[in-house]
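Participant: Could you have a look at this structure, given as structure tokens, before my questions?
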Amino acid sequence: QVQLVESGGGLVQAGGSLRLSCAASGRTSGSYVMGWFRQAPGKEREFVALIGWSTGRTWYTDSVKGRFTASRDNAENTVYLQMNSLTPDDTAVYYCAAGSQIPISRLFSPRTYPYWGQGTQVTVSS
């Protein structure tokens with residue numbers, strides 16, 4: 001129903017920037033939210049950011065506020081995660097995810113989202 005393809009990961013030095021992209025296809029609707037999650041080695045997948053597909057409203061986890069920015073281009077069915085001032089603690093596989101009609105209380109749990117991208121590796125060297 002919904003397919004998500006991620007790109008933009010790579011290796012960057014601390015203090016650098018990357019922009020991740022997530023292109024969506026299928027039957028997304030205006031009620032969808034697009035979440036960004038990450039999973040570091042040996043750790044659980046955690047919430048990073050999300051954006052409402054139609055409204056553009058965003059939420060961020062505390063550790064990335066002021067550094068990461070989620071955005072979307074509705075014409076291209078693509079969401080982005082601009083990551084600035086990267087640190088080694090940001091090293092992880094980053095995933096985009098999509099879901100609809102999700103209560104606010106459930107927006108930040110990866111278990112909530114039915115659709116996922118394949119993941120893209122972000123490595124930040126010290």
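The values are calculated or read from the model by the stated rules, or taken from the named source; none is laboratory data. Model, not experiment: these values are computed from the prediction. Here the Cβ is made from the backbone with ideal geometry for all residues, glycine too, and neighbour counts use every protein chain on show. To get the accessible areas, we keep the full protein, side chains included, count just its heavy atoms, and leave off ligands, DNA and RNA. Shrake-Rupley method; radii C 1.70, N 1.55, O 1.52, S 1.80 Å.
Participant: Using the heavy atoms of the protein chains alone and a 1.4 angstrom probe, what is the accessible area of the chain per residue in square angstrom?
Facilitator: That works out to 50 Å² for each residue.
Participant: Using a Förster distance of 35 angstrom, determine the FRET efficiency expected from the C-beta separation of T112 and A14, and round it to 0.05.
Facilitator: Plugging the Cβ-Cβ distance into 1/(1 + (r/R0)^6) gives 0.65.
Participant: Not counting the cut sites, what is the longest span of the chain without trypsin sites (Lys or Arg not before Pro) that DSSP labels loop and that have at most 12 other Cβ atoms within 10 Å?
Facilitator: Working: sites that count: R27, K43, R57, K65.
The longest uninterrupted stretch comes out as 66-126.
Participant: Could you estimate the translational diffusion coefficient of segment 17-83 from the Stokes-Einstein equation, with Rh from the Kirkwood formula over C-alpha pairs, at 25 °C and 0.890 mPa s, in whole µm²/s?
Facilitator: Estimated diffusion coefficient is 196 µm²/s.
Participant: Along segment 18-23, what does the Karplus equation 6.51 cos²θ - 1.76 cosθ + 1.60 (θ = phi - 60°) give for ³J(HN,Hα), rounded to whole Hz, x for Gly and Pro?
Facilitator: Residue by residue, segment 18-23 yields 9, 10, 8, 10, 9, 9 Hz.
Participant: Given a 1.4 Å probe and every protein chain left where it sits, what share in percent of the accessible area of the chain is carbon and sulfur?
Facilitator: Looking at the chain in its full context, I get 46 percent from C and S.
Participant: Enumerate the calculated ³J(HN,Hα) couplings along segment 90-101 in order (Karplus 6.51 cos²θ - 1.76 cosθ + 1.60, θ = phi - 60°), each rounded to whole Hz, writing x wherever the residue is Gly or Pro.
Facilitator: 7, 5, 4, 8, 9, 10, 9, 8, 9, x, 10, 6
Participant: Another question, then. Just the C-alpha atoms of the chain: what Rg/Rh do they give, with Rh taken as the Kirkwood radius?
Facilitator: Working: Rg = 13.5 Å, Rh = 14.3 Å.
On the Cα set of the chain, Rg over Rh gives 0.94.
Participant: Averaging sequence separations of C-alpha pairs under 8 Å and six or more residues apart, then dividing by the length of the chain, give the relative contact order as a whole percent.
Facilitator: Result for the chain is 35 percent.
Participant: Next question. Take D62, D73, D90 and sort them by solvent-accessible surface of the protein heavy atoms, 1.4 Å probe, largest at the top.
Facilitator: D62, D73, D90
Participant: I'd like the per residue volume of the convex hull spanned by the Cα atoms of segment 64-115, given in cubic angstrom.
Facilitator: It comes to 118 Å³ per residue, whole-number rounded.
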